[in-house]
Amino acid sequence: MKWSRVLKISAEMLLAHRLRTFLSLLGIIVGIATVSIMAAVGRGSEEKVLEEIRRMGTNLIAVSAGRVSLVAGRTRQSAVVTTLRVEDAAAIPRSLEDAVTHAAAAQSKKLLVKFENVALTTNIVGTTAEILPIRNFRVDAGRMFEEQDERALRRVAVVGRTVARDLFGGIAPVGQTIRIGKVPFGVIGSLAEAGVDINGVDQDDQILIPLRTGLRRVFNVTHLGNIFVQVREEGLMEETAVRLRELLRERHRLSADRPDDFTIQNQLELMRTQRETQLAFKNLTVGVASLSLAVGGVGILAVMLMTVRERMKEIGLRRALGARRSDVLLQFLLEAMMLSVSGGMIGILLGVAGIHVVAWLGGWQAVLDVRVVGWAAAASAGIGLLFGTIPARKAAQANPVDSLRAE
């Protein structure tokens, strides 16, 4: 038989029963559309979270005082520990100079800040100028405090974008005087927008002040909450984390049987954890898609079995006129594949449209994966081939005499 004639006969038979054809397509359409949307949303969320991790800093290792754990995706410190010191931060680049480019000590606390008649509570961070390259912060107006400001215990501050908007309104913050608690500070700079970090913390809702000024005049403590370390190369991250742990244990004089009094968080570990989470989501997507496609395949199987039964006389007549078993097999197998491939193509189109709708209405960042589209097309063709084989073989093996007598 000619392929053109086979395709024509198949199309005519499918169009002759439009409702039945549509219902058999529905399972494939829903399955393919669903997996396309879920895969795009999953890929988009993965890219977004990984970008947020990268925005936290380049090749970043964070040391926190005490034990830190993840609760509902956010870091929580179990207790206040006072063993992390300014001297520890200073010793890191000296002892690990072959692997570390910068180290910035930090202590923070939420405090009341006032400017004229406006007051708000924000995060006050005492730190050093090295925090800028480590955390990818950028000053867009004024300047960052320097080492001489640190040594002189000057009361100067650099404000984040959210603080600048809420505290000063339309007034330029540089040159203004604010009160942190009861201590006056002169604003010498403002930070460019930094966004939200992986813990959901608004990095624009903070005020940076010199570390020693903060420890002595604002926080009234001598210990640190964090040390941020920037590693020279990504390939040195895990080795540097191990060396950093050994250094701090030695400096804190911890014996072998005592646990760490600090927590080291490696940026690579955060990214690895995020990828593992996304892998679980992908496995869920594959499971949902497989179930939907299996239902669609069973629908095609049922429809094709019904079609073979209804067309027994046609099968017998064609066999009597010289059609071979292979011709009949090809005819019904092609009809099943036309059903599944058509459903797959419609499902892909609906999936692409759904991706844009979800991204627009729900605020999701959806990324269409071309590999998913290719997988969907191949899966739909495979379903037609798999579930169409049984009815096609039944039609091909039918006895021509019995087929002609069928009612």
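Brief remarks follow.
- Calculated FRET efficiency for the pair residue 110/residue 284, C-beta based, R₀ 41 Å, to 0.05: 0.60
- Listed residue (242, 210, 252) projecting farthest to the positive dipole end of the range 82-260, Cβ model: 210
- For residue 191, nonlocal amide neighbours, meaning residues 5 or more places apart or on other chains whose placed amide H falls under 5 Å from its own, are 140, 159, 160, 161.
- Sorted by Cβ density within 10 Å, fewest first, the residues 32, 346, 209: 346, 209, 32
- Burial ordering of 238, 335, 193, fewest other beta-carbon atoms within 10 Å first: 193, 238, 335
- Each of residue 356 and residue 121 was given a label point 7 Å from its Cα along the Cα-to-Cβ line. The distance between the two points is 4.6 nm.
- A simple rule links phi to the HN-Hα coupling: the Karplus curve 6.51 cos²θ - 1.76 cosθ + 1.60 with θ = phi - 60°, which for the range 159-176 gives 9, x, 4, 5, 5, 4, 6, 6, 8, 9, x, x, 7, 5, x, 5, x, 7 Hz, with x for Gly and Pro.
- For residue 85, the residues 5 or more places off, or on other chains, whose built amide H falls under 5 Å of its own are 224.
Taken together, the values in this text are just the output of simple stated rules run on the coordinates, not laboratory data. A quick note: this is a predicted structure, and the numbers were derived from the prediction, not measured. Don't worry about glycine lacking a Cβ; one is built from the backbone with ideal geometry, like all the others, and counts go over all protein chains shown.
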